[in-house]
Structures are given as C-alpha cells and as structure tokens.
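A quick write-up on the structure given underneath.
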C-alpha cells in the first residue's frame, strides 16, 4: 500500500485547523480549508509553495470535485453546500450556493460531500459550525437533528438518506457505489451540554445503496481509535483510508485494519493527488503532510483523472 521507500513529509504549515482537501488537476495543487482562520489554502506541487486561495470564505470545510470539474465545498458559515468554479490556473474563487435548506429549515453546517456517478450530491450535516464558535456562527438545529442528505440532480430536491448517525462527518462510496461509508465523530460532540441519552461514537458505518438514491441496512464497519474517524477515502481495491487521532488508518472492506500511517499531529482529513494520483495528502491540525502509496482513489480512477 505504501510505495517502496516511502516516507512521511511535512510540505506546508501555518493553518489553525486544516480540513477538507481536494486535488485540483488543472492547477496541480491541493486545495484545503483552514476553518478557524476562515480561509482556503492551496499547496502547489510544482513550486512547493502554500498560498491563500481566498479569505473570508464563511468557514468552509470538506470539498470534492463535481463531475464537471468544479469544486463542491461545505460552508459552515453559510450553512450550505456551495460551488466554486475557480479551477483553472489563476482563477479567483467564484462561489454560489447549491443547497442550504431541507424543506423550510436551514441546514446545520454541511461538513463533507461526495458526488455519485449519476450526479447525485451526497453530504453530511452535523452541527459543528453552529455549536463551535471558532468554526462558524451560533445557531439552532432547525430540522432538529443531524442527517446525511442527497441532492437530486434532476429536480434539486434535498432528502435525508441516513438519519441514524449521531454526528455524520466524512463519507465515501465503495468503487461500484453499492456501499456508502459514513464516519461518526460524535465521541467529540459539538455541544458539550448535549443530552447523555444521545449515543456517542467513533465508528465508520456502512450502508447498502439501493437504486442509487437510498441508504439501507446500516451497520458498524469498524471503530477508529485513538480519536475519531473524520475524513475518509476509498481506493480502487475497496479499502477505506480514514483519518484518526494518530494519523491515517487503512481498513479492508470487511473492517480489518491493514495499515497505520503515524502522523505527528491529529489528522482531520486526506485526499489522493499528485501527477499519477498515488500521493496521499493528509491535513493534520496546523500542517499538510504527504506520503507515496501504491493505491489510487476509486473516484479518481473511475473518472480517469488525478482529482
């Protein structure tokens, strides 16, 4: 899984709490969030330099590439999933809201997002952005819970697909999209005064995807420790790469731990990138790390792109 002679490199630092990485092939750069810093950063693989893509961005978190190559990202401050069309070299951020409501209620604070092959946009909606002062704006859970939603590409409706995870965070599909993985980070709740009756967890849940629109038969794949699972990715072999308190852990499709990659700082999220898509980038608290692997992200491989 790791390339021969692979070693962990710290390639950039200076964030407050780094999150939400995605590889932008046109820019040959990794874009990620500094949530408390309210800015989006980019690391150029060609120059080795870290730059500010945008500031005053309303506390963005997770992001992914849509099927047209634009960036979908989660905004705690706007309580929305937004689209940034700035993917070509030199383009400045141009963000528009894609989804910000479930019926009449505002979303909580979308956290992570993936796009299925049919164009459906699936995203998690915990409450960190309305409960943690440094990560958004104070607010209420207007629909009364924390769900995983799917935005239908045909009519733009937003419907819940997972309702039984306490704090849904990272998410990813299996290579054939028959399974949906959802990380539960509720061991570290956004609201310390929350009722003890609501369970706390640190597991990756898995669901059967039915008709491309529904998530059924939820069960726990594996618990992640130390810390919690946050960002997750799936490779072409179906293995799940999860962030944790100690770095990155790799699990088999059956939930067996296959590999530990220690990182010096608590790791929030990860993304594959680089010229051939086998470089694993990890955002860990203040810094960006990378290591060479022999794996490729399943979505990148299916689209034939390093993104």
Applying the selection to region 30-52, what residues are buried (at least 21 other Cβ atoms within 10 Å of the Cβ) and more than 17 Å from the chain's Cα centre (by Cα)? 43
Name the residue that is farthest from residue 30 (Cα to Cα), counting only residues in region 103-115 that are under 19 Å from the mean Cα position of the chain (by Cα) and assigned to a strand (DSSP E or B). 115
Regarding residue 62, is this residue assigned to a loop (DSSP other than H, G, I, E, B), modelled with pLDDT of 95 or more and out of contact with any helix residue (DSSP H, G or I) (no Cβ under 9 Å at 6 or more places or on another chain)? no
Inspect region 284-306 for any residue being part of a strand (DSSP E or B), without any contact (Cβ under 8 Å) to a residue 60 or more places away in the chain, closer than 19 Å to residue 22 by Cα and touching a strand residue (DSSP E or B) at 6+ places or on another chain (Cβ under 9 Å) and give the result as yes or no. no
State all residues of region 66-80 that are surrounded by fewer than 22 Cβ atoms within 10 Å (Cβ to Cβ), touching a residue at least 40 places away in the same chain (Cβ under 8 Å) and within 20 Å of residue 149 (Cβ to Cβ); if no residue qualifies, say none. 66, 67, 77
Kindly evaluate residue 40 against the criterion of being at pLDDT 95 or above, under 24 Å from residue 172 (Cα atoms) and in contact with a helix residue (DSSP H, G or I) (Cβ under 7 Å, 6 or more places away or on another chain). no
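Residue-by-condition table, conditions (1) within 23 Å of residue 300 (Cα to Cα); (2) in contact (Cβ under 8 Å) with a residue 60 or more places away in the chain; (3) in a loop (DSSP other than H, G, I, E, B); (4) out of contact with any helix residue (DSSP H, G or I) (no Cβ under 9 Å at 6 or more places or on another chain):
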| position | (1), (2), (3), (4) |
| --- | --- |
| 117 | yes, yes, yes, no |
| 122 | yes, no, no, yes |
| 126 | no, yes, yes, yes |
| 137 | no, yes, yes, no |
Among the residues of region 6-52, count how many are more than 15 Å from residue 282 (Cβ to Cβ), in contact (Cβ under 8 Å) with a residue 60 or more places away in the chain and in a loop (DSSP other than H, G, I, E, B). 8
For region 185-207, indicate whether the set of residues that are touching a helix residue (DSSP H, G or I) at 6+ places or on another chain (Cβ under 8 Å) and closer than 25 Å to residue 238 by Cα is non-empty. no
Restricting to region 81-102, what's the tally of residues that are touching a residue at least 12 places away in the same chain (Cβ under 8 Å), over 20 Å from the mean Cα position of the chain (by Cα) and part of a loop (DSSP other than H, G, I, E, B)? 3
Of all residues in region 94-130, how many are at pLDDT 95 or above and either closer than 21 Å to residue 201 by Cα or surrounded by fewer than 17 Cβ atoms within 10 Å (Cβ to Cβ) (or both)? 24
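The values are calculated or read from the model by the stated rules, or taken from the named source; none is laboratory data. Just so you know, these numbers come straight off a predicted model, no measurement behind them. Heads up, the Cβs are rebuilt from the backbone with ideal geometry, glycines too, and the neighbour counts pull from every protein chain shown.
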